[in-house]
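Dropping a structure here in structure tokens format, bear with me for questions.
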Ligand code: NDP
């Protein structure tokens, strides 16, 4: 079982007198920077000279370009988009690192797939919030924590764990807990979760919509059932709170029987498991990373085509119409 670190296990004073350079003032960068500062840690920001850097200045941070901020950091937190790291880090970060500075990533992708080759003599660590950036700040200001994953890939100084755990406390995560992992485990499980969970949800919702509308049922009524009403949001929320099976007691006996009966049918479909194992293989052997690298080189040609293709689907038309009808509920966040 993974070790879980909480506030009481961690000494924040290892960051006393240190400067944390946060590179990238986007979703994660802004929230993590503000949380660290509120915990008394000295933070500087590095970003390209645009609105994000101006925002960091407006928020009261010393903000400069990425190389300048890197030179100031005892700890350098890389909160740049993963797909930019292979081009930005070797030029703007690695040559400017202070001797012995700790590098911290929020996702293991670039390190695990060896898209970058950080110089020797630096700790290489991971602090990956399992939370969207805005909520990292909102939960902190509400006095709550959020889960994160922590790992050390290289411990050059012998203090890598102390540093990354202090940061996990500093950003407010260990009020709830930081789970110990590895760069490989974080990367593979994160990609697998989003690809299979997200991809599976898209196709199960859209294919069900097609089957039902092909059978003559009304698109808006079907869309409401599959997603639009917001009931699914509540179902997932109750599964999260109570457990996938435990939450079934909130459904009618007909629904409970139907769900478990279909789950049993799908479970016996060996093709699904075969497919999932295939996805895992492609993540482990680097072939998905290679596919994604080529996609970036092509200027995201296939991504744009796929997006346009799915947006043109009748399901998205019905969704747009229903969202208009449900505007008030959605805007008020009632569901
Ligand atoms: P964002 O896209 O929100 O922010 C990225 C920041 O990097 C912005 O300040 C952006 O500013 C800057 N940036 C973008 N492109 C470049 C470039 N080519 N050169 C220099 N700077 C650039 O990223 P996220 O905060 O979403 O992600 C950062 C890291 O956090 C990633 O590793 C991600 O996997 C990880 N993460 C993200 C989560 C999330 O909820 N979003 C959750 C957990 C981990 P500008 O474009 O103005 O230069």
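Identify, from the list 176, 103, 165, the residue that is outside the structural domain of residue 296 (by TED's automatic domain parsing), over 18 Å from residue 76 (Cα atoms) and in contact with a helix residue (DSSP H, G or I) (Cβ under 9 Å, 6 or more places away or on another chain).
Only one candidate passes the filter, namely 176.
Continuing with the same structure: Output the number of residues of region 237-251 satisfying the condition of being assigned to a helix (DSSP H, G or I) and surrounded by 13 or more Cβ atoms within 10 Å (Cβ to Cβ).
6
Across region 203-233, what is the number of residues that are loosely packed, with under 13 Cβ neighbours inside 10 Å and under 24 Å from the mean Cα position of the chain (by Cα)?
Total satisfying the criteria: 3.
Here's another thing I want to ask about it. So how many residues does region 103-114 have that are more than 18 Å from residue 173 (Cβ to Cβ) and either within 10 Å of the ligand (Cβ to nearest atom) or in contact (Cβ under 8 Å) with a residue 60 or more places away in the chain (or both)?
Within region 103-114, residues that are more than 18 Å from residue 173 (Cβ to Cβ) and either within 10 Å of the ligand (Cβ to nearest atom) or in contact (Cβ under 8 Å) with a residue 60 or more places away in the chain (or both) number 5.
Check every one of the helices (runs of 4 or more DSSP H) wholly within region 117-208 and list those with 2 or more residues that are within 16 Å of the ligand (Cβ to nearest atom) and under 22 Å from residue 93 (Cβ atoms).
160-170, 183-192
If you don't mind, another one. Quick test of your reading of the structure: residue 182 fulfils all but one of (1) under 30 Å from residue 99 (Cα atoms); (2) touching a helix residue (DSSP H, G or I) at 6+ places or on another chain (Cβ under 6 Å). Name the failing condition by number.
Every condition holds for residue 182 apart from (2).
Now, a different point. Within the set of pairs 6+ apart or on separate chains, which have a first residue in region 190-217 that is under 15 Å from residue 314 (Cα atoms) and modelled with pLDDT of 95 or more, a second that is assigned to a loop (DSSP other than H, G, I, E, B) and away from the ligand (no atom under 16 Å from the Cβ), and C-beta atoms under 7 Å apart?
That search, which allows pairs on different chains as well, returns 206/313.
Could you give every pair whose Cβ atoms fall below 9 Å, whose first residue belongs to region 287-308 and is modelled with pLDDT under 95, and whose second residue is surrounded by 13 or more Cβ atoms within 10 Å (Cβ to Cβ), counting only separations of at least 6 or pairs across chains?
Here the result reads none, with nothing in region 287-308 linked to a residue that is surrounded by 13 or more Cβ atoms within 10 Å (Cβ to Cβ).
Table: residues versus (1) under 22 Å from residue 16 (Cβ atoms); (2) crowded, with 16+ Cβ neighbours inside 10 Å; (3) in contact (Cβ under 8 Å) with a residue 40 or more places away in the chain.
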| position | (1), (2), (3) |
| --- | --- |
| 143 | no, no, no |
| 146 | no, yes, no |
| 150 | yes, yes, yes |
| 160 | yes, yes, yes |
| 166 | yes, yes, yes |
| 177 | no, yes, yes |
| 187 | no, yes, yes |
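Here is a follow-up. Quick test for you: out of 142, 166, 101, pick the one residue that is more than 15 Å from the chain's Cα centre (by Cα) and closer than 19 Å to residue 3 by Cα.
Result: 166 is the single residue among 142, 166, 101 that is more than 15 Å from the chain's Cα centre (by Cα) and closer than 19 Å to residue 3 by Cα.
The values are calculated or read from the model by the stated rules, or taken from the named source; none is laboratory data. Model, not experiment: these values are computed from the prediction. Don't worry about glycine lacking a Cβ; one is built from the backbone with ideal geometry, like all the others, and counts go over all protein chains shown.
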